[in-house]
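These notes are about the structure you will find just below.
FYI, it's all coordinate maths here, none of it is from the lab. Just so you know, these numbers come straight off a predicted model, no measurement behind them. Note that we place each Cβ from the backbone using ideal geometry, even for glycine, and neighbour counts take in every protein chain shown.
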Amino acid sequence: MAGNIWVLAAQWRGQLQEVTYEVLALGRRLAADAGVQLEAVLLGHNARDLAPALEPADVILWADHPELAEPTPETYALALAQLVKARQPRALLIPLTNVAMDVGPLLAAHLDVPFVNFCKTVRVADGALEARCGLYGNKVEVTVAASGAPAILGVLPGTHLAERGGGQAPSIEEVPVELPEAPRVRFVRYIEPQAGDVDITQHEVLVAVGRGIQRQDNVALAEVLAEALGGAVCASRPVIDQGWLPLSRQVGRSGMQVKPKLYLALGISGAPEHVEGMKDSGLIVAVNTDPAAPIFGVAHVGATADLLEVVPALIDRVKAAKGGKAA
């Protein structure tokens, strides 16, 4: 199996994203099995300071260009196409972030090479790369062999343990790219979340509310429980659509992908769109009045009950366990 294994470094506003280290761990195993080097591709502008942090890689290929300052899929795909043609890697692994989701299909189209998306695992089998992928909202799981080269693979976040450090500092090589001064798609601006809001992807405890919360006033009850547990409140799409919580709190395929240690699902039916965003949580506890609710199919612990009765009792128990005063 000729050609090195490449991993695209996912960065956002000057910071490497955690999923980069998850995909580097996968790339490290593939490179070892194939007997080739692992190379990380870092695209950006004045971003060389990020390169040393990509330690699991043997080599960092750093491309600097003003049009790469913001990760727009079209310019990323154009830059990667040039690098792939020049160096001929065996495979490029792309972390499936909100930004990088569109890079893989565009790149594969530019190169006319195989593209395999939504990969959970990838391995070397009989000289080919074999990927296990979740399709149709993860309802169907398939195994795909990418025999052509180079293969472009989109890797799902949360499917591998992150890996940092490789025993020695990687070498850093600057690689030239040529991009149009006026690309068809340009970055305009960031739309910031509401001031003072929280990043639900960084919390180890999440209290999630769905339709069962019934009305906006009851969201405050979930906030009290989240504070007692040291976590944050998030929601399924119906709650967000009502305007009861900001869009930055939405969990699901069209929202945030989260994997806290504890995910407490209150009054959430468990539609596939929502489950896709939280199914990798360490412990999922569901409370719903409907015993047939799909959420119980992914929950580790479930209770068929009214959340408006369960939550006050939970608050009292948590506060008592912490030595505080119960309501």
Study note, to complete from the structure: Hydrodynamic calc, the stretch 5-174: Kirkwood Rh from Cα pairs, then Stokes-Einstein at 10 °C with viscosity 1.306 mPa s, so D in µm² s⁻¹ is 101
Practice item. Starting from the Cα of Glu273, step 7 Å toward the Cβ, then list every residue of the stretch 213-250 with an amide N under 12 Å from that point. Key: 236-242
Practice item. Using a 10 Å Cβ count of at most 11 others and DSSP loop calls, identify the longest part of the chain lacking such chymotrypsin sites (Phe, Trp or Tyr not before Pro). Key: 191-327
Practice item. Report the FRET efficiency, 1/(1 + (r/R0)^6), for Glu223 and Lys261, where r is their Cβ-Cβ distance and R0 is 22 Å, rounded to 0.05. Key: 0.70
Study note, to complete from the structure: Ordered by number, the trypsin sites (Lys or Arg not before Pro) in the stretch 89-190 that occupy a DSSP loop and have at most 16 other Cβ atoms within 10 Å are Lys139, Arg164, Arg184, Arg186, Arg189
Point to revise | Proximal lysines relative to Lys120, as straight alpha-carbon distance under 24 Å, when same-chain residues fewer than 8 apart are discounted | key: Lys139, Lys259, Lys261, Lys279
Review point. Rounded to the nearest 0.05, what FRET efficiency do Thr304 and Glu178 have when you use their Cβ-Cβ distance and R0 = 56 Å?
Key: 0.35
Check your understanding: Direction-averaged shadow area of the convex hull around the Cα atoms of the chain, nm²?
Key -> 18.6
**Study point:** Local net charge near Val239, Cβ-Cβ under 9 Å (Lys/Arg +1, Asp/Glu -1)
**Key:** +2
Review point. Mind listing P(r) for the stretch 200-321? All alpha-carbon pairs, 10 Å bins, whole percents.
Key: 15, 53, 31, 1
Review point. To the nearest 20 debye, what charge dipole does the chain have about its Cα centre, counting +1 at the Cβ of each Lys and Arg and -1 at the Cβ of each Asp and Glu?
Key: 640
Revision key, fill the gap. Distance in Å, no decimals, from the C-alpha centre of the stretch 267-305 to the one of the stretch 58-123 is 35
Exercise for review: Could you pull out every residue, at least 5 positions away or on a different chain, whose amide H is within less than 5 Å of the one on Gly302? Hs are placed 1.01 Å off N in the peptide plane, and Pro or chain starts have none.
Suggested key: Ala286
**Study point:** Gain upon complete extension [Glu18, Ala169; 0.36 nm per residue less C-alpha separation]
**Key:** 52.4 nm
Point to revise | Rg/Rg_ref, the stretch 1-54, where Rg_ref = 2.2 N^0.38 Å and atoms are Cα | key: 1.17
